[in-house]
Amino acid sequence: MNWNLSNKQRLGLLSTITILFVLVYTVYVSGVFATYKAYEDQIHTVSERVARLQGFVEAGPLIEAQTHEAERFMHGLVYPRTVDDLNIAAQLQQKVRAAFQAVEGDILGVQIMPTQLLGGFEQVRVHIRAELDIEGLETLLKRLEEESPKIWIESLAVQPMGANRLGNRLTVQIRFVSLRWVP
C-alpha cells in the first residue's frame, strides 16, 4: 500500500477529518446543552417545590391549630374512636331516657339496633317507643338538639292516642342515631 499522497489528497483528507471532528464536537456539544436544559428545568421544578414546602413550614403552626380546632369541633359532633359501640349505645339510651323523663314522657320500649358503617363513621342507633304530649315532644326535640356528641333522629313516627285517653297524648316511635369516628 502506497501512502504517498499528493498535496490535494492530503488537503482533502485533512478537510474530511476536520469536518468529521467538527460534526462529532457539534453532536457532543448539543448533547451537553440538552442535558443542561433538562437539569435547568428540573432545578426550576425543584425550586418551586422547595418554595411550597417552605410555605408549609411557615404555615405549620396555623395548620396545626386549625387541625386541633377541627378535631375539637368533630368531637362535639361524634364519639371518638376510643369509645366502643356498646358504651355509646348505653350512653345514648341514658341520655334519651333522661330527656323523656324531663318532659314527663313514658317509655314503652327501647331497642338497641345493630350498628352500620357510613363513610368513616359508625352509626349507633337506639329505637324508642314512648307516650308523651305534643309540648313534651317539642321540648324533647329541642333538648336533644343541644346534646354533645350530637344525637340525630333517623326516623320519627307519631300517632295520636286512642279516644279513651285524656289530653293530647301521642304515641311516638323514634330512632335516634349517634356517630362514632372509626379508623
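Derivation of every value follows stated rules applied to the coordinates shown; laboratory data play no part. Here the structure is a predicted model, which means the values were calculated and not measured. Virtual Cβ from ideal backbone geometry, glycine too; neighbours counted across all protein chains shown.
Report, in degrees rounded to the nearest 10, the 0 to 90 angle that the Cα long axis of helix 85-102 makes with the longest principal axis of the chain.
40
What angle do you read, to the nearest 10 degrees and between 0 and 90, between the alpha-carbon axis of helix 134-145 and the longest principal axis of the chain?
Once rounded, the angle reads 30 degrees.
Label Ile153 and Ile134 with points 7 Å out from Cα along Cα→Cβ: what is the distance between them in nm?
1.5
Relative contact order for the chain: what percent, with Cα pairs under 8 Å and sequence separation of 6 or more?
About 21 percent, as a whole number.
If you average the alpha carbon positions of segment 81-96 and of segment 121-137, how far apart do those two centres end up, in angstrom?
15
Could you give the length gained on full extension between Val83 and Gln173, defined as 0.36 nm per residue of separation minus the Cα-Cα distance, in nm?
29.7 nm
Among (1) 1.32; (2) 1.69; (3) 1.00, only one was calculated for this model; which label is it, if the read-out is Rg/Rh (Cα atoms, Kirkwood Rh)?
Comparing each candidate, only (2) matches the computed number.
What residue among Leu11, Leu92, Leu117 shows peak mean-square fluctuation when the chain is described by a Gaussian network model with Cα springs under 10 Å?
Of Leu11, Leu92, Leu117, the most mobile in the Gaussian network model is Leu11.
So what is the relative contact order for segment 85-181, in percent, with contacts set as C-alpha pairs under 8 Å and at least six apart?
Taking the mean separation of contacting Cα pairs over the length of segment 85-181, I get 31 percent.
Could you state the angle between the C-alpha long axis of helix 7-77 and the longest principal axis of the C-alpha atoms of the chain, as a value from 0 to 90 degrees rounded to the nearest 10?
20
Once the piece of chain linking Ile19 and Arg97 is laid out straight, how much longer is it, given 0.36 nm per residue of separation minus the C-alpha distance between them?
Taking 0.36 nm per residue and subtracting the Cα distance, the gain is 18.2 nm.
For Leu53 and Val29 in one chain, what is 0.36 nm times their gap in residues minus the Cα-Cα distance, to one decimal in nm?
Separation in residues times 0.36 nm, less the Cα-Cα distance, equals 5.1 nm.
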